[in-house]
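Readers should treat all values here as calculations from the given coordinates under stated rules, not as data from a laboratory. Not measured: the values here are computed from a predicted model.
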C-alpha cells in the first residue's frame, strides 16, 4: 500500500476531490437552490444576465476559498490533536 503523503506528492491524490457531502438533505437543498437560480436567471432581462452571472462566479470563487480554508484549518486541528494525543499518552512499560 502506497503512503498517502507519497500519493499527494505524486499528484495521485487530490484531497479536495475526496470531499462528498454526507448530509442527507444536501442533494435536495442543492437541487432546490439550482432550480431557484435557474428560474431567477430566466426572468432576468438580457441586460442583467451578464451581471448576475458575474455575481454567481464571484460567489463560487469565495465558496472555493472558504472550503480550502476549512480544509486547511481542519487538517491543522487534526494534526494538533494527534500531537497532543501522542505527547500525553502514557508509555507502556515493558514486562
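With the gyration tensor restricted to C-alpha atoms of segment 21-88, the semi-axes of the equivalent ellipsoid amount to 39, 16, 4 Å, longest first.
Compared with the dominant principal axis of the Cα atoms in the chain, helix 49-88 is inclined by about 10°. Relative to the longest principal axis of the Cα atoms of the chain, the long axis of helix 26-43 lies at roughly 30 degrees. Estimated from helices alone, the mean residue ellipticity of the chain at 222 nm is -23500 deg cm²/dmol (sum of -39500 (n - 2.57) over DSSP H runs with n ≥ 4, per residue).
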